[in-house]
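Since every read-out is calculated from the coordinates, none of them should be taken as a lab result. As the structure is a prediction and not an experimental result, all values here were calculated from the model. Positions of Cβ are generated from backbone atoms using ideal geometry, with glycine treated the same way; all protein chains shown enter the neighbour counts.
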Protein chains: 2
Amino acid sequence: MVNELGYVAGTVTVASFLPQVVRAWRTRQTRDLSLASLALLITAGSMWILYGALSRDWPVVATNSGMVGLLVLLAAAKVKHG
Amino acid sequence: MVNELGYVAGTVTVASFLPQVVRAWRTRQTRDLSLASLALLITAGSMWILYGALSRDWPVVATNSGMVGLLVLLAAAKVKHG
């Protein structure tokens, strides 16, 4: 039950980055995004993957893997469009 | 040790939102931010607080509490500046 809540929370977390990624790539406008924030979030997400693996918390591992993937796409849009 | 990693990862996570919040409030430009993303992230963060509390994972509770606080500030900037 708690595990299920973790997976639902994780799905919402990863899904929540989708509108931002779509917006950035569709409008090609990323001026208002902070690259420092994106870089730090990618670092943090990677640490959470390690934390989740070490504490065998798979919802945390799955969520942060999805998040890091989308954040890399967002950072790429920022680097490309400035 | 694993717990410490969680707190370090959590601190980086919360810190990572700071440059974005500062940018949004200082430039008063939030056009490139997705309100849908912010709303979903606030929902997801709240679910993670519940998940962390139920599984007694305090780094997860602390991180998501800080994150939801900063996301509310960011969403407020978006609503105000559009």
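Counting only aspartates and glutamates at least 8 places from B:Lys80 when in the same chain, those with an alpha carbon closer than 18 Å to its own are A:Asp32, B:Asp32. In terms of other Cβ atoms within 10 Å, B:Arg56, A:Arg23 run from fewest to most in the order B:Arg56, A:Arg23. For chain A, the longest principal axis of the alpha carbon atoms and the long axis of helix A:2-27 meet at an angle near 10°. Each residue, A:Ala36 and B:Ala39, gets one label point 7 Å from its Cα in the Cβ direction; the gap between the two is 3.0 nm.
Label-point spacing at B:Asn3 relative to the other copies reads 2.4 nm, in ascending order, each point sitting 7 Å out from Cα along Cα→Cβ.
A label point on B:Ser65, set 7 Å along the Cα-to-Cβ line, lies at 3.0 nm from each of its counterparts in the other copies, closest listed first.
Computed from phi, the 3J(HN,Hα) profile of the range B:69-82 under the Karplus parametrisation 6.51, -1.76, 1.60 (θ = phi - 60°) reads x, 5, 5, 5, 4, 5, 5, 5, 4, 5, 5, 6, 9, x Hz, with x in place of Gly and Pro.
Label separation (B:Thr11 vs A:Thr11): 3.5 nm, computed from points 7 Å beyond Cα along the C-beta direction. The magnitude of the dipole of the protein assembly as shown, with charges of +1 and -1 set on the Cβ of Lys/Arg and Asp/Glu and taken from the Cα centre, is near 880 debye. Remark on the range B:2-81: ratio of C-alpha radius of gyration to 2.2 N^0.38 Å is 1.16. Each copy carries a label point for A:Pro19 at 7 Å from Cα along the beta-carbon vector; from one copy to the others these points are 2.5 nm apart, nearest first. Rounded to the nearest 10 degrees, the angle from helix A:35-54 to the longest Cα principal axis of chain A is 20 degrees. Of all chain A residues, the closest to the A-onto-B rotation axis by Cβ, with that distance in whole Å, is A:Asp32, 2.
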